[in-house]
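Presented below is the structure to which this report refers.
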């Protein structure tokens with residue numbers, strides 16, 4: 001039978017859960033930003049609609065973006 005200290009078992013259990021959560025977080029960040037881990041958020045920009053006030057994410061390359069809520073166009 002394998003003898004394991006109780007505190008080492010608890011630390012290993014909590015550590016494995018934390019590693020799994022960090023792995024899931026990195027996977028979500030990688031997929032949300034188009035697969036670029038360098039410069040996270042470089043592919044998206046936060047836009048605020050001038051008409052309805054809705055805040056949304058759009059492409060950083062565009063000078064004009066369309067609001068998904070009211071369909072109006074917003075400039076930089």
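What follows draws every value from the coordinates through simple rules; no lab data is involved. Everything numeric here is computed off the predicted structure, so don't read it as measured data. Here the Cβ positions follow ideal geometry from the backbone for every residue, glycine too, while neighbour counts run over all protein chains shown.
The table below lists the values:
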quantity	calculated
Relative contact order [Cα under 8 Å, 6+ residues apart], the chain, whole percent	15 percent
Label assignment, Rg and Dmax of the Cα atoms in Å derived from the structure, set (i) 19.2, 69; (ii) 21.5, 69; (iii) 17.4, 58	(ii)
Residue exposure sequence - 57, 18, 2 - by fewest surrounding Cβ within 10 Å	2, 18, 57
